[in-house]
Each structure stands twice: as C-alpha cells, then as structure tokens.
1. Find how many whole Å separate the alpha carbon centroid of the stretch 154-195 from the alpha carbon centroid of the stretch 88-115.
2. About the Cα centre, and with charges only on the beta carbon of Lys, Arg (+1) and Asp, Glu (-1), how big is the dipole of the chain? Nearest 20 debye, please.
3. At q = 0.11, 0.19 Å⁻¹, work out log10 I(q)/I(0) for the stretch 116-233 with the Debye formula, treating every Cα as an identical point scatterer and leaving solvent out; two decimals please.
4. What number, in percent, do you get for the relative contact order of the stretch 98-187 if the mean sequence gap of Cα pairs under 8 Å and at least 6 apart is divided by its residue count?
5. Among ARG77, ARG120, ARG162, which one shows the highest mean-square fluctuation when the chain is modelled as a Gaussian network with alpha-carbon springs under 10 Å?
6. Testing the spin-label approximation: label points 7 Å from Cα along Cα→Cβ at ARG119 and GLU84. State their distance in nm.
7. With only alpha-carbon atoms in the gyration tensor, what are the semi-axes of the equivalent ellipsoid for the stretch 194-278, in Å, largest first?
8. Please state the Cα pair-distance histogram of the stretch 1-156 with 5 angstrom bins from zero: what percent is in each bin?
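The values are calculated or read from the model by the stated rules, or taken from the named source; none is laboratory data. Note that the structure is predicted; figures quoted are calculated from it, not measured. All Cβ positions, glycine included, derive from the backbone under ideal geometry; neighbour counts span all protein chains shown. These accessible areas exclude ligands, DNA and RNA; they are computed on the full protein's heavy atoms, side chains included. Shrake-Rupley method; radii C 1.70, N 1.55, O 1.52, S 1.80 Å.
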Amino acid sequence: MRRLFGTRLRRRSHHAHAVVTGAGSGIGRAFAVELARRGGHVVCADIDEDSTKETVRLVESHGGRALAVHCDVSIERQVWDLSETAEGWLGRPPDLVVNNAGIGAGGQVVGETPLPDWRRVLAVNTWGVVHGCHVFVPWLRFAGDGGLINVASAAGFAAAPRMGAYNVSKAAVLAVSETVAAELSGSGVAVTVLCPTFVSTNIIGSELIDSTVARTAERLMRLTGASPEHIARRTLDAHDRGRLYVVPRLDAQLIWRAKRMLPAAYTRAAGLLGRLPA
Ligand SMILES: NC(=O)c1ccc[n+]([C@@H]2O[C@H](COP(=O)([O-])OP(=O)(O)OC[C@H]3O[C@@H](n4cnc5c(N)ncnc54)[C@H](O)[C@@H]3O)[C@@H](O)[C@H]2O)c1
C-alpha cells in the first residue's frame with residue numbers, strides 16, 4: 001500500500017535548522033519535539049505565545065534548541081519577519097520548513113457557510129501555506145538542498161459534506177505542494193504533503209466548527225485519532241525517503257483510492273454519510 005502513495009527519490013536526513021508553524025500545539029508541537037530528538041534546532045512559530053513557549057521547554061527537555069516566535073501565518077509581513085528572525089537565530093536560512101499552522105471549520109453546507117468563515121479558513125490554512133512557500137521556497141531553491149513539509153489533510157481530497165471551506169483550503173495546500181514538488185524536482189529539495197484523517201489534537205476547539213460537528217469529530221477522534229507524535233515521526237521518516245505524499249492511515253488511503261477509482265459512487269456515499277444524524 002505504501003508504495004502507492006510515495007514517489008521514492010532518495011534517502012536524506014538533515015533537519016538541523018527548521019522552522020515549524022503552528023508549533024504551539026498538536027501536530028506542530030510534535031514536529032518540533034521530534035526534530036529536536038533528531039538533533040535539530042527549531043524555530044517554533046505560532047499566534048499563541050504561551051503554548052509556543054511550552055513547546056520550546058519540551059524541545060529543550062529533549063536536548064534540542066528552540067526559539068518561540070509570534071507569527072500569524074495569514075499575515076504576509078509576519079511571515080517575512082519570521083524568516084528574518086529565523087535566519088538571525090539559526091545563523092543561516094532554515095533547511096526545513098514545516099507549514100503546519102491551520103484551523104478547523106465545519107458545520108454548514110455551501111451556500112449557508114458564512115463568507116467571513118470561508119475567508120478566515122482560507123486566510124490561515126491556504127494563505128498561511130502560500131506565504132510560507134512564497135517566503136521560504138526561494139531560499140531552498142537557491143540552496144538546492146533541504147526540505148518543505150506542508151500539512152494538508154485527507155479533507156483535501158475527501159470532499160466531506162458540511163466542510164466546504166476546510167476542504168477547499170486543504171485541496172489548495174495539496175495543489176501548491178504538488179506544484180512546488182514539480183518545480184523543484186531534480187534539485188536536492190524534498191517536498192512532502194501530509195494528508196491525515198483524525199489526529200488527536202486541539203483542532204476541534206476552533207470557533208469555526210459548530211457544536212454538532214464538533215461532537216461527531218470528537219467521537220471520531222477518540223475512536224480513530226492517531227497521536228500527533230506518531231504522525232510527526234512517520235512524516236519525517238517519509239520525507240527523509242523523499243516521499244511526496246504522506247497519507248498515514250488506512251481510512252485516508254481507502255478514501256484516496258475510492259475517490260479516484262469510483263468517483264460517482266464515492267460522491268453518493270459521502271453525501272449519504274453527510275446526512276446521517278450526528
Ligand atoms: N487534528 C486533525 O485531526 C488534523 C487532521 C488533518 C489535518 N490537520 C491539520 O494539521 C495542522 C495542525 O493542526 P492540529 O490538529 O495540530 O491543531 P491544533 O489546534 O492542536 O494546533 C494548531 C496550532 O496552530 C496555531 N495557529 C492557528 N492559527 C494560526 C495562525 N494564523 N498563525 C500561526 N499559528 C496559528 C494554533 O495556535 C495552534 O497552536 C492544521 O493545518 C490542521 O488543519 C489536523
């Protein structure tokens with residue numbers, strides 16, 4: 001199964017100087033700690049300063065070095081400032097950038113989801129990753145070496161009902177990652193896009209998820225959620241092997257295949273599931 005999702009390029013492994021966005025919680029924090037375990041120095045960016053400082057303490061407790069930086073990835077200027085701060089602290093541009101920051105959203109169908117919710121989700125989840133790529137990819141291209149990991153979601157291809165804005169935001173992350181991978185193919189820069197289903201984090205606390213969807217998501221997360229630590233380890237291992245796609249769980253892999261092989265049946269089934277009571 002794994003071979004289906006991987007574009008094997010080469011084995012690589014140096015994450016000495018990394019930037020991780022959304023590092024104050026969940027998957028971002030797990031990336032920061034795992035990178036520290038692997039000997040990395042990690043710039044931890046987030047809008048939540050207290051939780052980011054806690055991540056720094058965790059990294060240091062694993063023998064790594066880390067710096068907490070306030071950065072709202074939806075604001076271009078702040079991502080430029082992040083790159084300057086990172087370069088100053090690391091003493092060089094980062095050789096690994098993890099565009100992970102994101103927010104959850106869901107509850108209403110397309111046409112009823114308020115447009116300000118669409119704009120906020122796209123601002124953080126899509127523009128946040130676009131800003132990260134725009135600011136950091138030229139360094140990676142110039143260096144001809146290093147890595148980029150973008151955190152999308154299985155939502156980027158699953159088209160689950162009542163999650164339109166989130167789905168669109170993550171499909172865009174998938175597309176920009178595939179584009180950068182094509183543009184950098186043949187260079188020493190590895191590009192990986194992570195597409196998980198449920199991971200046990202704080203994402204359900206988002207104010208853009210309505211209470212009914214949050215209850216269902218909480219239940220599914222309890223039943224099927226992977227640990228962020230497992231996801232971070234698995235993604236970094238796959239990245240080191242040069243894999244473009246990381247689709248970590250069987251449920252996501254089945255959705256990925258069903259969508260491609262039986263698109264009409266898949267859409268009908270997704271619609272039926274979307275109409276089940278929460
Ligand atoms: N948890 C899941 O089930 C799941 C599944 C698929 C994809 N993802 C994706 O994983 C990524 C990480 O989410 P998580 O599950 O760890 O959630 P989380 O809520 O635990 O962590 C997200 C972190 O991002 C930060 N953040 C939010 N908006 C930001 C902004 N504008 N700028 C900078 N930082 C910001 C938050 O403060 C928080 O620390 C997101 O992109 C999410 O969409 C999560």
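1. First find each Cα centre; the distance between them is then 12 Å.
2. In total the dipole reaches around 1420 debye.
3. Log-scaled intensity ratios, in q order: -0.41, -1.06.
4. That works out to 39 percent.
5. ARG77
6. Placing both labels 7 Å beyond Cα along the Cβ direction yields 2.8 nm.
7. Sorted largest first and rounded, they come to 24, 21, 9 Å.
8. Each 5 Å bin holds this share of Cα pairs: 2, 9, 18, 21, 19, 14, 9, 5, 2, 0.
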